[in-house]
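Input: a single structure, listed below in structure tokens.
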Amino acid sequence: MADCWVPIPDGSPFPLECLPYGVFVPPGTIGVDQARVGVAIGESIVDVAAVLRQDDPAVAVSFDRPALNRFLAMGPTVWAAVRERLTDLLTDSRQRHRVASSLVPLAGTRMLLPFTVADYVDFFSSEQHAVNMGKILRPDDDRPLQPNWKHLPVGYHGRSGTVVVSGTPVARPSGQRRPPGQEQPSYGPSARLDIEAEVGFVVGLPSTLGSQVRPADWRDHVFGVVLVNDWSARDIQAWEYQPLGPFLAKSFATSISPWVVPLAALEPSFVPAPRQDPEPLPHLRPAGPALDLRLEIALNGHPVSRPPFAGMYWTPAQQLAHLTSNGATLRAGDLFASGTVSGPAPDQRGSLMELSWNGQTPITLPDGDTRSFLADGDTVTISGWATGRNDTRIGLGAVTGTIHPAH
């Protein structure tokens, strides 16, 4: 690959091999009516509509809007062509005069939700996380996994309207909870507010009602990835989830990173999936690849965990196949998340409930404060990276949220 003429500082999360998509408001713009799609390169954002307008006006117009959905729906042939053209423009010094006027400084630019979320599904695909939660919630049961867990990717249908972009304040949710030893429930702010570090997959190409997407075809439909924080009110969840699972304990907010990293940038990070025993049913085979992504959770600026994504039991291909196995449709802008990413080591757990073992071993922060669950004013940042072509570091951006008091 030729060198990029746009300056890229050492250690930048957005090298030429990355080229993630986001929606930005140009500097000096007060409202969001001028929001448009951009691609990050080094410390700049390329205004995609502006640079592609003379090449292909029909494709360029899909970027001159405040969401990626129209581009996502165009499918993998167009995705690849646009990525190739942007790479050419950024490596051909003869095009510098044409592109330079469409570069916007990344620093200080306001980022919006990168796509309109059509449907949101969250899975429960880390065996380590499922085992940890089973041991915490059912300590007397010698079988921490539920009987169905190794036969299908367990999930729930979330609320797309409360998916928010990184930096959006998160108000502490209120709801019903019944603490141990209390006979009747009460209503009030959650006292056990938690995080879940996850990876989300952004769907582009739709599917047809009544048809299933096979695991082998997942790349035809999934455009890229975002980082996800599935905020969770554990005390509300414990009271409401039987028998139908999470509801208000999750639906108040789900935060995602502002940049969608194309799967094309992550090809070198595809690795063999973990062995599955028992063998999944035929509609969930082949499993497809796992992704070797590295995450970091920071609480008030202090790293508390580094969950590895490569060990997830259920793969993205299997999650998508299961999601559509009953004939449910995909739409451009659908988001499905992996579920909490947790590794086998104590410092690889993806939620505070696991890190503090439900409050038995609180986290100690550098200032001496301790946390089992989140306090008002706490800021959580989940960041991530992968290894790209030429051993470059591909940044996944970051998703940040600060807890505000209950309304």
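The values are calculated or read from the model by the stated rules, or taken from the named source; none is laboratory data. This structure is a prediction, so every number in the text was calculated from the model and none was measured. Positions of Cβ are generated from backbone atoms using ideal geometry, with glycine treated the same way; all protein chains shown enter the neighbour counts.
Being farther than 21 Å from Arg389 by Cβ and aliphatic (A, V, I, L, M) is the requirement here; does Val99 meet it? Quick ask: steps written out before the conclusion?
On the way: farther than 21 Å from Arg389 by Cβ: yes; aliphatic (A, V, I, L, M): yes.
When the stated conditions are applied, Val99 passes them.
Can you find a residue in the range 188-209 that is over 19 Å from the mean Cα position of the chain (by Cα), surrounded by fewer than 24 Cβ atoms within 10 Å (Cβ to Cβ) and part of a strand (DSSP E or B)? First the steps, then the outcome.
First, pick out the residues of the range 188-209 that are over 19 Å from the mean Cα position of the chain (by Cα): 188-193, 206-209.
From what's left, surrounded by fewer than 24 Cβ atoms within 10 Å (Cβ to Cβ): 188-189, 191-192, 206-209.
Pick out the ones that are also part of a strand (DSSP E or B) and you get 188-189.
Yes, the range 188-209 contains at least one residue that is over 19 Å from the mean Cα position of the chain (by Cα), surrounded by fewer than 24 Cβ atoms within 10 Å (Cβ to Cβ) and part of a strand (DSSP E or B).
In the range 257-282, what residues are under 20 Å from Pro308 (Cβ atoms), of a type in the set (A, V, I, L, M) and crowded, with 20+ Cβ neighbours inside 10 Å? Talk me through it step by step, then tell me what you get.
We begin by selecting, within the range 257-282, every residue under 20 Å from Pro308 (Cβ atoms); these are 257, 261, 263, 265-276.
Keeping just the survivors that are of a type in the set (A, V, I, L, M) gives 261, 263, 265-266, 271, 273.
Across the range 257-282, the qualifying residues are Val261, Leu263, Ala265, Leu266, Ala273.
Consider the range 310-355. How many of its residues are within 14 Å of the chain's Cα centre (by Cα) and among the hydrophobic types (A, V, I, L, M, F, W, C)?
Qualifying residue count, the range 310-355: 4.
Would you mention how many residues in the range 299-320 are surrounded by fewer than 17 Cβ atoms within 10 Å (Cβ to Cβ) and in contact with a strand residue (DSSP E or B) (Cβ under 7 Å, 6 or more places away or on another chain)?
1
Within the bounds of the range 121-133, is there any residue that is closer than 28 Å to Pro66 by Cβ, surrounded by 16 or more Cβ atoms within 10 Å (Cβ to Cβ) and at pLDDT 95 or above?
Yes, the conditions are met somewhere in the range 121-133.
Tell me yes or no: at least one residue of the range 369-378 is among the β-branched types (Val, Ile, Thr), buried (at least 17 other Cβ atoms within 10 Å of the Cβ) and assigned by TED's automatic domain parsing to the domain that holds Trp231.
Checked against the condition, which is being among the β-branched types (Val, Ile, Thr), buried (at least 17 other Cβ atoms within 10 Å of the Cβ) and assigned by TED's automatic domain parsing to the domain that holds Trp231, the range 369-378 yields no hits at all.
When residues of the range 145-167 are filtered for being of a type in the set (S, T, N, Q) and surrounded by 15 or more Cβ atoms within 10 Å (Cβ to Cβ), how many remain?
Final tally of qualifying residues: 3.
Any idea which of Asp33, Asp56, Asp47 is buried (at least 18 other Cβ atoms within 10 Å of the Cβ), over 21 Å from the mean Cα position of the chain (by Cα) and among the charged types (D, E, K, R)?
Answer to the check: Asp47.
Do we have Gly175 as in a strand (DSSP E or B), touching a Leu at 6+ places or on another chain (Cβ under 7 Å) and either farther than 30 Å from Asp220 by Cα or of a type in the set (Phe, Trp, Tyr) (or both) here?
Taking the combined requirement at face value, the residue satisfies it.
Among the strands (runs of 3 or more DSSP E) lying completely within the range 237-347, list those that include at least 2 residues that are under 30 Å from Leu86 (Cα atoms) and out of contact with any Pro (no Cβ under 6 Å at 6 or more places or on another chain). Before the answer, list the steps.
On the way: elements: 254-256, 294-299, 302-305, 335-337.
It comes to 254-256, 335-337.
With the structure loaded, tell me whether Pro9 is touching a residue at least 12 places away in the same chain (Cβ under 8 Å) and either in contact with a helix residue (DSSP H, G or I) (Cβ under 6 Å, 6 or more places away or on another chain) or not small (Gly, Ala, Ser) (or both) or whether it fails that test.
Spelling it out, Pro9 is indeed touching a residue at least 12 places away in the same chain (Cβ under 8 Å) and either in contact with a helix residue (DSSP H, G or I) (Cβ under 6 Å, 6 or more places away or on another chain) or not small (Gly, Ala, Ser) (or both).
Only residues that are without any contact (Cβ under 8 Å) to a residue 12 or more places away in the chain and among the basic types (Lys, Arg): list them for the range 137-156, please.
Once the filter is applied, which keeps residues that are without any contact (Cβ under 8 Å) to a residue 12 or more places away in the chain and among the basic types (Lys, Arg), the range 137-156 yields Arg138, Arg143.
Go through (1) assigned to a helix (DSSP H, G or I); (2) buried (at least 20 other Cβ atoms within 10 Å of the Cβ) for Leu16 and report which single condition fails.
Just one mismatch for Leu16, condition (1).
Here are some residues: Arg65, Arg94, Arg85, Arg36. Which one is touching a helix residue (DSSP H, G or I) at 6+ places or on another chain (Cβ under 9 Å) and over 23 Å from Ser12 (Cβ atoms)?
On the way: Arg94 fails: touching a helix residue (DSSP H, G or I) at 6+ places or on another chain (Cβ under 9 Å); Arg85 fails: over 23 Å from Ser12 (Cβ atoms); Arg36 fails: over 23 Å from Ser12 (Cβ atoms).
That would be Arg65, the only listed residue that is touching a helix residue (DSSP H, G or I) at 6+ places or on another chain (Cβ under 9 Å) and over 23 Å from Ser12 (Cβ atoms).
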